[in-house]
Amino acid sequence: MDRLRVLEPAEGVLAFYDGRVPGHRFADYPNWVDDGAISLGIASYALVVGETALIYDTHVSAEHGRFVREALESLGVGDMTVVLSHWHLDHVAGTEAFADCEVIASTRTTEHLSASREAIESGELEGPPPIDPLVLPTRSVEGELELQLDGRPVRLITTEIHSDDATLLWLQDERLLLCGDTMEDTVTYVDEPERLDVHLANLAELRNLGARRILPNHGDPATISAGGYETGFIEDTSEYIERLLRCGSDPELCNLSLREFVADLLEQGQINYFEPYERVHEQNVERVLARA
């Protein structure tokens, strides 16, 4: 855990960040942790008020989850609740460390994890390492749910962006949005190309929240540490998806590198170029073309 950093992007908000360190790997064999998380950089979050904490995702391994828990306990936190942003492995792998806590997720997240539990625990779903045991959500939510974190209101909002089971945390008083994987820096990871039109419509709904700051799970650690992304992050994500959708009718777009594809967005300064996302972009283009 020597590469795991604890950032504080806002008062009472901790980000447990791993990855984006040259040469740093989770394991010396091919694995989903390095390929989809550590190589891109990943954070889980904790909202802390006194002795109470709301943990947003449990990180990429049981060891990471235990690090998060022990860090919170060292601050005097004894009452912990977990919220899962969605069902992908790099967000649920540390649930074993919170087996005695309430774990909240969208109904769809619960369904996905329950249906895939055997494959996840055996390491057959995405390959090694297995997540065994996988602790399932104890409470499911549809639509919205407001929680009180020792007087600090936090609204859970379910939506479909990136995956069909996303849950976001919205702190309205602070205009702060914890967005899971619905947005990433440099660009979103397309997992459901056939649903991109729906994702665009739901991103438009997010704009109506009026967030001043946005904290993604996959993002630049310096930007996260400085308080997160401005609302233009939503616009840049939408613009990227719209350009992907034009790839089918514009072959020149398909041949651009990621840096070229988003050159103007990089100049605007909302997103940051990170070379490993070139591979993500190539895969995104392939998936969008395959859906046509």
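The values are calculated or read from the model by the stated rules, or taken from the named source; none is laboratory data. Note that the coordinates shown come from a computational prediction; the quantities given were computed from them, not determined experimentally. As a convention, Cβ positions derive from the backbone with ideal geometry for all residues, glycine included, and neighbour counts pool all protein chains shown. Note: accessible area is taken over every heavy atom of the protein model, side chains too, but ligands, DNA and RNA are not part of it. Shrake-Rupley method; radii C 1.70, N 1.55, O 1.52, S 1.80 Å.
Only helical runs count toward this figure. For the chain, summing -39,500 (n - 2.57) over DSSP H runs of n ≥ 4 and dividing by all residues gives -9000 deg cm²/dmol at 222 nm.
Database remark: amide H of residue 83 closer than 5 angstrom to the amide H of 55, 56, 57, 104 (H placed geometrically; neighbours at sequence offset of 5 or more, or on other chains; Pro and chain starts carry no H).
Amide H contacts of residue 44 (H built 1.01 Å from N, in plane; Pro and chain starts excluded): 16 sit under 5 Å, all sequence-distant by 5 or more or on other chains. Using C-alpha pairs under 8 Å with a sequence gap of at least 6, the mean separation divided by the residue count of region 1-129 gives a relative contact order of 20 percent. Between 144, 252, 278, the residue with the greatest mean-square fluctuation in the GNM of the chain (Cα pairs under 10 Å linked by springs) is 252. For the chain, the C-alpha radius of gyration sits at 0.95 times the compact-globule guess of 2.2 N^0.38 Å, with N the residue count.
Here region 2-53 is treated as a Stokes sphere of Kirkwood radius computed over C-alpha pairs; at 25 °C and 0.890 mPa s its diffusion coefficient rounds to 202 µm²/s. Using a probe of 1.4 Å on the protein chains alone, the accessible area found for residue 197 is around 90 Å². Take every Cα pair under 8 Å whose residues are at least 6 apart in sequence, average their separation, divide by the length of the chain, and the relative contact order is 14 percent.
Taking the square root of 5 times each eigenvalue of the Cα gyration tensor, what semi-axes in Å does the equivalent ellipsoid of region 154-272 have, largest first?
Working: eigenvalues 115, 59, 24 Å².
One finds semi-axes of 24, 17, 11 Å for region 154-272.
PRE reach from residue 268 (point 7 Å along Cα→Cβ): which of region 216-242 fall under 18 Å by backbone N? Backbone N within reach: 216, 220, 228-242. Between the beta carbons of residue 202 and residue 79, assuming R0 = 30 Å, the FRET efficiency works out to 0.40 to the nearest 0.05.
D for region 87-193, whole µm²/s, Stokes-Einstein with Kirkwood Rh over alpha-carbon pairs at 37 °C and 0.692 mPa s: what number? Translational diffusion coefficient: 220 µm²/s. For region 110-259, the Cβ-based charge dipole about the Cα centre amounts to some 540 debye (Lys, Arg positive; Asp, Glu negative; other atoms uncharged). Rounded to the nearest 10 square angstrom, residue 223 shows an accessible area of 30 square angstrom against a 1.4 Å probe. Full extension of the chain segment joining residue 259 with residue 150 gains 34.8 nm, where the gain is 0.36 nm per residue of separation less the Cα-Cα distance. In sequence order, region 97-108 has phi-based couplings of 5, 10, 4, 9, 10, 5, 10, 9, 8, 5, 4, 5 Hz under the Karplus curve 6.51 cos²θ - 1.76 cosθ + 1.60, θ = phi - 60°, and Gly or Pro positions carry x.
Between 30, 130, 221, the GNM of the chain built on Cα springs shorter than 10 angstrom shows 30 fluctuating the most.
Packing order of peptides 131-141, 33-43, highest average first: 33-43, 131-141 (average count of other Cβ atoms within 10 Å over each peptide's residues). For residue 135, nonlocal amide neighbours, meaning residues 5 or more places apart or on other chains whose placed amide H falls under 5 Å from its own, are 95, 96. If a/c stays under 1.5 just call it rounded; otherwise compare a/b with b/c (prolate if a/b is bigger, oblate if not). Do that for region 171-221, with a ≥ b ≥ c from the square roots of the Cα gyration tensor eigenvalues. Oblate, because a/c is 1.5 or more while a/b does not exceed b/c.
Across region 183-197, coupling constants 3J(HN,Hα) worked out from phi with the 6.51/-1.76/1.60 Karplus curve, θ = phi - 60°, read 9, 9, 10, 8, 9, 5, 9, 7, 9, 10, x, 6, 10, 4, 4 Hz, and Gly and Pro carry x. Remark: C-alpha extents of region 1-150 on the principal axes read 43, 35, 24 Å, sorted largest to smallest.
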